[in-house]
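Accompanying notes for the structure given below.
The values are calculated or read from the model by the stated rules, or taken from the named source; none is laboratory data. Note that this is a predicted model, so its numbers are computed, not measured. With ideal geometry, Cβ positions are generated from the backbone for all residues, glycine too; neighbour counts draw on all protein chains shown.
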Amino acid sequence: MKRNFIYIAIFSLIGLFTSCKDIFNYDPYNQVPPTQFWTSQSDAEKAVFACYGTIVDWPFNDPATFNLASIASGDTKKGGTASDQPNVNQFSNFTFSSTHNHISENYNARYFLINMCNQAITNIPKITMDETAKKELIGEAKFIRAWAYFDLVKTFGEVIVYDGLPVDGNYNISKSSLADIYKLIESDLQYATANCRVEPWSAEWKGRITSYGAKAYLAKVEMYEACGANFTEDHSAINDRKWADVKALTDDVISHGPYKLFTEKGDSSFFYLFRIPYENSDESIFEAQCGTSATVGGIARSSYAQYQWATNLNGWAFNAPSDQLINDWEARIATDNDVLRYQQSIIWQGQTLPDGDVIGAATQNGTSAFGDVNATGLARSRFSLKAYESRNDDKHNGGWQAFCEQNYKLYRFAEVLLIDAEAEFMLGNKQEAINSINLVRDRVKETPLTVSNISLQKIWDERRFELAFENDRFFDLVRTGLAATLLGTSGFTAPKNYFYPLPQQAIDVSQGILKQNKYWE
C-alpha cells in the first residue's frame, strides 16, 4: 500500500511524515510548535513515520547515492545528456574530491535522517502512552538510524556518532572509530529485534519494520564486520566478528522468519517483483515507500525511476548499465544460463514494454547522449528495468515530475539467502551454502550449483547480478577485497578509495574538530 505524506515542524525542521493509512490522503497538516508536540501516541507515530518518509527524498535515490554505490563499481555509467551533471563521470575514474557536491549531498542527507530518528528516540520515551507501542516505535526509529549509519560507515568510514540529541546541544564533536560506529549500529538493531513486532504488519501498515527485519539486517552488518580484514587499517575483523555470528542470524531468519522469495508470477517473477502491484511482498524486508499527492501536486520527492528511465518516456537516462556489466552478464548466460534475470533486469532500445511503450534512444533536447537510435549491439541505449514504472500505474500527481509512485528495494530476502550462502561457505558447509544460493538461482532458472563447483567467487557473482542496480556493488567490491584488482585500471587506489572523503564543507564548518579521512588530507 502506498505511503502518504504529512508535514509537521519539529524543532524548526519541516519533516516529511509518512503514514500507511489512506485516510491521510497526502494532505499537508498545519505546523505544530514543538511545545505542543511529543504529547501523545499519535505524535510518536508521526515522528517515526517522518523517518520512513525521509528515505524517499532525492539524495537517497539520485546521483548522490548511485554515483558512489553503483557508477564507481563500473557496472553502470553516467548516461543522460552529456551536459547534464558531467561531474558524475568523476566517479567512473575516481577523480572526485572532498568538494564534490554529490559527496556532500549523500553525507548531509544521512545526517538529516539520523537527526529525525534522534528526535523520535529522545522524545518518545517522555510520552505517556502504551509501553509496548512506545518500545515498538523507538525500535523502528533505531532501525532506520542503524540503516543510515551503516550507509555512512560503508561510504565514509569513521564518522560522527550522535546517540540521541546531544544534552548540551553540541553537535561539533570528533568522529568515532569504525568499531564504535558498528557497536551503535548493532545496539540499535538488537533493540529493534527485541522490541519491534514479530508478526508481519497488516496490509494498511505494510512496509514498517519488524523484529525479523531488524535481525535480517543485523546479519548484513555483521557480515561487513567479519570481512573487516579486507578494508580496515589493522587488517582484522571489526569487533572480532565471526562468520558463525552471521550464520546464527541468517539461520534464524530463514527458518523462523516470515520472508520468502517472490515466485507468484512463474518465470516472470523477477520482473514483477519490482512492479508497483507487488510492492512490499513477502520478499521485501525494507523498501522506500514512494507516492504522490492528489491534492498537493509536485510534493513527491522520489526521483528513483525518473532518473534512470528512458528519455523518450520522460526519464533522464542516468545510471545506465555499462558495457562491462553487459559483457560479463552475457558470458554468464553461456556458463550459468542466467537468461531470465538478464532479460528482466535490463531493457534495450527498440524493445516494447508490457504497457505498449517502446524504448527509444537516450536523448534529451534532440541530441543523443548514450547510444545511437540506429545502432546495434552495445552501442544501443539500455536502462535498468528495475526502475520501470508503467504509465498505467503512474497517478500523474507529481506535477512536473513523472514516475514518482514506484517503491525501491533497500533490502530483501534474496540477499539474506546469499549472505547465508557466503557464511556457510566460509565455515566449510558447502552443502548448506548450495541450499541457500540455489533457491535464488532456481527462481531465474539458472543452472544449479553443486558441492564440486560452488566457490566464493560464484557466491559473489550471484550477489552482483541478483542485486544489480540496487546500490550494493561498489561496497561489495571493497568488502570482499576485489576493488583494487577490478577497479585499478579505472583509478581506484587502495587503501585510499576504500572510503570516500568527508565533505570539505563539513570539515570547514567544524573549525578543525572534524578531521578528514586518512589519505584524503
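On inspection, residue 497 does not qualify as surrounded by 17 or more Cβ atoms within 10 Å (Cβ to Cβ), among the polar types (S, T, N, Q) and assigned to a loop (DSSP other than H, G, I, E, B).
Listed here are the residues, each with its yes/no results for (1) under 19 Å from the mean Cα position of the chain (by Cα); (2) surrounded by fewer than 22 Cβ atoms within 10 Å (Cβ to Cβ); (3) polar (S, T, N, Q); (4) over 20 Å from residue 230 (Cα atoms).
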| residue | (1), (2), (3), (4) |
| --- | --- |
| 121 | no, no, no, yes |
| 138 | no, no, no, yes |
| 144 | yes, no, no, yes |
| 164 | no, yes, no, yes |
| 170 | no, yes, yes, yes |
| 174 | no, yes, yes, yes |
| 177 | no, yes, yes, no |
| 188 | yes, no, no, yes |
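Out of 92, 70, 104, which single residue is more than 23 Å from residue 311 (Cα to Cα) and of a type outside the set (Lys, Arg)? So that I can check it myself, show each step before the final result.
Details: 92 fails: more than 23 Å from residue 311 (Cα to Cα); 70 fails: more than 23 Å from residue 311 (Cα to Cα).
Exactly one residue qualifies, and that residue is 104.
Being farther than 23 Å from residue 148 by Cα and part of a loop (DSSP other than H, G, I, E, B), is that true of even one residue in the stretch 48-60? No, every residue in the stretch 48-60 fails to be farther than 23 Å from residue 148 by Cα and part of a loop (DSSP other than H, G, I, E, B).
Does residue 263 count as modelled with pLDDT under 90, over 14 Å from residue 408 (Cα atoms) and in a loop (DSSP other than H, G, I, E, B)? For residue 263, the condition - modelled with pLDDT under 90, over 14 Å from residue 408 (Cα atoms) and in a loop (DSSP other than H, G, I, E, B) - is not met. Which ones in the stretch 410-455 are within 30 Å of residue 303 (Cβ to Cβ), outside any helix (DSSP H, G or I) and in contact with a Lys or Arg (Cβ under 8 Å, 6 or more places away or on another chain)? Listed by number, the residues that qualify are 411, 444. Restricting attention to the stretch 75-111, the residues being in contact with a Lys or Arg (Cβ under 6 Å, 6 or more places away or on another chain) and in a helix (DSSP H, G or I) number 2.
Residue pairs whose Cβ atoms lie under 6 Å apart, sitting 6 or more positions apart in sequence or on different chains, and linking a residue in the stretch 338-352 that is closer than 12 Å to residue 267 by Cα to a partner that is surrounded by fewer than 18 Cβ atoms within 10 Å (Cβ to Cβ) and among the basic types (Lys, Arg), are 340/445. Residues that are under 30 Å from residue 509 (Cα atoms) and outside any helix (DSSP H, G or I) do not occur anywhere in the stretch 200-210.
Yes/no matrix, rows are residues, columns are (1) within 22 Å of residue 229 (Cβ to Cβ); (2) out of contact with any helix residue (DSSP H, G or I) (no Cβ under 8 Å at 6 or more places or on another chain); (3) surrounded by fewer than 16 Cβ atoms within 10 Å (Cβ to Cβ); (4) of a type in the set (D, E, K, R):
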residue	(1), (2), (3), (4)
421	yes, no, no, no
432	no, no, no, yes
438	no, yes, no, no
443	no, no, no, yes
446	no, no, no, yes
452	no, yes, yes, no
468	no, no, no, no
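Determine whether residue 468 is without any contact (Cβ under 8 Å) to a residue 12 or more places away in the chain and assigned to a loop (DSSP other than H, G, I, E, B). Here the answer is no, as residue 468 does not meet what is asked. The residue pairs whose first member lies in the stretch 99-119 and is touching a residue at least 12 places away in the same chain (Cβ under 8 Å), whose second member is of a type in the set (Lys, Arg) and assigned to a helix (DSSP H, G or I), and whose beta carbons are closer than 8 Å, counting only pairs six or more residues apart or on different chains, are 113/145; 114/145; 117/142; 117/145; 118/145. The lone criterion from (1) of a type in the set (Asp, Glu); (2) closer than 27 Å to residue 60 by Cβ; (3) surrounded by fewer than 21 Cβ atoms within 10 Å (Cβ to Cβ) left unmet by residue 521 is number (2). Taking the stretch 332-362 as the search range and keeping residues that are of a type outside the set (A, V, I, L, M, F, W, C) and part of a helix (DSSP H, G or I), which one is nearest to residue 440 (Cα to Cα)? Only one residue tops the list, namely 341. Could you list all residues from the stretch 477-521 that are within 17 Å of residue 158 (Cβ to Cβ) and among the hydroxyl-bearing types (Ser, Thr, Tyr)? Answer for the stretch 477-521, where residues must be within 17 Å of residue 158 (Cβ to Cβ) and among the hydroxyl-bearing types (Ser, Thr, Tyr): 498, 500, 510, 519. Has the stretch 475-494 got at least one residue that is buried (at least 20 other Cβ atoms within 10 Å of the Cβ), of a type outside the set (Val, Ile, Thr), touching a Gly at 6+ places or on another chain (Cβ under 7 Å) and modelled with pLDDT of 95 or more? Yes, the conditions are met somewhere in the stretch 475-494.
Kindly provide the set of residues from the stretch 139-157 that are charged (D, E, K, R) and touching an Asp or Glu at 6+ places or on another chain (Cβ under 9 Å), ordered by number.
Taking the stretch 139-157 first, the residues charged (D, E, K, R) are 140, 142, 145, 151, 154.
Those that are charged (D, E, K, R) and touching an Asp or Glu at 6+ places or on another chain (Cβ under 9 Å): 142, 145.
For (1) over 28 Å from residue 53 (Cβ atoms); (2) surrounded by fewer than 21 Cβ atoms within 10 Å (Cβ to Cβ), each residue gets a yes or a no:
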{"residue": "216", "(1), (2)": "no, no"}
{"residue": "239", "(1), (2)": "yes, yes"}
{"residue": "252", "(1), (2)": "yes, yes"}
{"residue": "275", "(1), (2)": "no, yes"}
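Scan the stretch 238-271 residue by residue and report those that are among the hydroxyl-bearing types (Ser, Thr, Tyr) and free of Cβ contacts under 8 Å to residues at least 12 places away in the same chain.
Kept after step one, since they are among the hydroxyl-bearing types (Ser, Thr, Tyr), are these residues of the stretch 238-271: 250, 255, 259, 263, 268-269.
Passing the criteria: only 255.
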